[in-house]
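Notes for the one structure printed next.
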Amino acid sequence: MYALIENNAVTQVGELSILFPNTSNPNHAFAIEQGALEVVEGEQKDQRFYWVTFDSYKVGNGVVTRTYVNTPKALEDVTQLPEGSVETPEGQTEPVTTKGLKSQWIAQMKATANSLLAETDWAVTRKMERNVNIPPNIAAKRAAIIAECTRLETALTIAPNMEAFINVIESANWSE
């Protein structure tokens, strides 16, 4: 991707064939000769945790940088009355709760734990139905999964900011 520059401002962005339609097989050297600069991507944070939107093109150091605004998503749940909400027959409006990242990721961690526990549920069922002991390795594996889920849920709940929250997510360790 290249950009055409006039007066230190970007006038057009595109592939070389778009920027130079009357030139057969334009290449990097040709683009530079014509005053085009290569476009490099600016910082885009992890979109699981940030709303990433295009901001602008910045010209400098022989390149054009496509910049982005990285806005953190809400960590906490947000409850509010919807715009133009209608009252119920009892005269009340129904609030709407948008789940924050903490609620979403805690639910995801619990689902992961449940999926991992499901692999050995047969041993728990066998214990309950026929009083056959759960093998020690399975009991240890299940205890480790439950402990990890509890640790993650607690750490996610108390994470004070996005950096701490992401560190918790990245620390997940579901192996024994």
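Below is a table of values for the structure above.
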quantity: For region 10-26, Karplus couplings with θ = phi - 60° (6.51, -1.76, 1.60), whole Hz, Gly/Pro x; calculated: 6, 9, 7, 10, x, 6, 4, 5, 7, 5, 10, x, 9, 10, 7, 6, x
quantity: Helix-derived mean residue ellipticity, 222 nm - over the chain, DSSP H n ≥ 4, -39500 (n - 2.57), to 500; calculated: -12000 deg cm²/dmol
quantity: Helix 101-118 vs. the chain, principal-axis angle (Cα, 0 to 90°, nearest 10); calculated: 50
quantity: The chain: angle of helix 121-130 to the longest principal axis, Cα-based, in degrees nearest 10; calculated: 10
quantity: Computed label-point distance, nm, for sites D46 and S175 using a 7 Å Cα→Cβ extension; calculated: 1.9
quantity: Cα-Cα pairs of region 1-72 separated by more than 13 Å (percent); calculated: 65
quantity: Surface per residue (accessible, 1.4 Å probe) for region 1-127, Å²; calculated: 66
quantity: P(r) histogram, all alpha-carbon pairs of the chain included - 10 Å bins from 0, percent; calculated: 8, 20, 17, 16, 18, 13, 6, 2, 0
quantity: Within the accessible area of the chain (1.4 Å probe), percent carbon and sulfur; calculated: 51
quantity: Set of region 48-81 residues, backbone N closer than 12 Å to the point 7 Å along the Cα-Cβ line of V96; calculated: 79-81
quantity: Cα long-axis angle, helix 136-158 against the chain (0 to 90 degrees, to the nearest 10); calculated: 50
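The values are calculated or read from the model by the stated rules, or taken from the named source; none is laboratory data. It should be emphasised that the depicted structure is a prediction, and the values quoted were computed from it without experimental measurement. Here Cβ is always computed from backbone atoms with ideal geometry, including for glycine, and neighbour counts include all displayed protein chains. With ligands, DNA and RNA removed, areas are computed over all heavy atoms of the protein, side chains included. Shrake-Rupley method; radii C 1.70, N 1.55, O 1.52, S 1.80 Å.
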